[in-house]
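What follows is calculated from the coordinates using simple rules that are stated; it is not laboratory data. None of these values were measured; they are calculated from a predicted model. As a convention, Cβ positions derive from the backbone with ideal geometry for all residues, glycine included, and neighbour counts pool all protein chains shown.
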Amino acid sequence: MPNHIINVGDVELISLNDNLPVRSPFVAFPHTTIEQWNEYPELMADHENGKHRWGSLAVRSSGNLIIVDTGMQGEGCYLLDDMKEKGIDRDEVDIVVFTHVHPDHVGWNFTDGKINFPNARFLVPQKDWDYWTQPDVINTVEYVVPQVLPLQELGVMDLVDGEYSITPELTTYPTPGHTPGHSSIRVESKGEHAFILGDVAHSPIQAHYTDWNPEFDIIPEAARATRHAVLDMLEAEGTLVSAGHFPDPGFGRFVRGEERRFWQGL
Ligand SMILES: [Zn+2]
């Protein structure tokens with residue numbers, strides 16, 4: 001089995017990439033110090049060497065093909081090509097679900113005004129919709145008008161909140177803070193579990209520095225509280241995690257070492 005595919009009971013998770021950007025970790029974490037990163041030279045190198053993902057995920061569950069987040073569609077982005085290469089036919093996608101409404105998660109909904117997943121329903125977190133469509137917010141970013149509003153106009157969008165059952169095996173799990181409606185997804189099948197993290201964390205270094213807020217956390221205090229609670233839970237359960245921005249393919253577990261929690265990638 002290629003390392004971008006993992007099975008959880010009857011559910012199949014297929015890691016997808018839109019880009020592997022090369023950039024300093026200080027872009028996401030400008031308030032951190034080089035001394036802190038020097039404790040983790042290999043994690044710093046992952047940021048600088050293009051190992052981190054702008055990632056999406058395809059999920060096969062209960063006869064449905066689901067895409068979690070649709071990437072960025074910026075310069076050099078290639079999600080649709082990556083899907084094709086990994087055997088995912090976008091015409092067969094039944095459901096697109098967003099962990100949150102940010103440019104690197106809703107970016108490939110439309111290309112030149114044409115929908116890229118013509119047979120799908122799109123599940124948008126209610127609280128993110130409420131936040132981003134406020135009159136004084138909507139025009140502060142470039143992506144909501146072209147990539148999100150047309151979903152409503154076409155009648156293919158459902159707003160979801162709380163613990164929403166996507167399929168009998170996939171349930172949304174509210175993880176607010178990064179955005180007001182940020183939502184992770186729990187996977188459960190045949191006694192096996194996994195957790196689709198979204199942007200609860202942006203780098204494995206947050207396994208240890210769980211307080212660190214990346215620049216993009218909209219409600220920093222709530223994001224911190226959520227991150228502590230979720231990472232503690234995932235560590236205690238030993239749950240398999242799919243992390244959208246962690247090094248390719250983004251599968252692993254949060255594990256307790258002698259002194260510190262760390263990310264054990266698969
Ligand atoms: Zn993101």
Subject >> Helical mean residue ellipticity (222 nm; -39500 (n - 2.57) per DSSP H run of 4+; nearest 500) of the chain >> reply: -5500 deg cm²/dmol
**OP:** For the range 154-266, just the Cα atoms, rotate onto the principal axes and tell me the three extents in Å, largest first.
**Re:** 50, 36, 24
**OP:** Apply the Debye scattering formula to the range 52-128, with a single equal point scatterer on each alpha-carbon and no solvent, then give log10 I(q)/I(0) at q = 0.11, 0.12, 0.21, 0.27 Å⁻¹.
**Re:** -0.25, -0.29, -0.95, -1.55
Subject >> the chain: mean projected area of Cα convex hull, nm² >> reply: 13.6
Subject >> For the chain: relative contact order, % (alpha-carbon pairs under 8 angstrom, 6 or more apart) >> reply: 18
**OP:** Using only the alpha carbons of the range 126-175, determine the length spanned along each of the three principal axes and report them from longest to shortest in whole angstroms.
**Re:** 37, 25, 13
Original post:
If r is the Cβ-Cβ distance from D10 to H31 and R0 is 41 Å, what FRET efficiency results, to the nearest 0.05?
Top reply: 0.45
**OP:** Apply the Debye scattering formula to the range 9-141, with a single equal point scatterer on each alpha-carbon and no solvent, then give log10 I(q)/I(0) at q = 0.14, 0.23 Å⁻¹.
**Re:** -0.76, -1.32
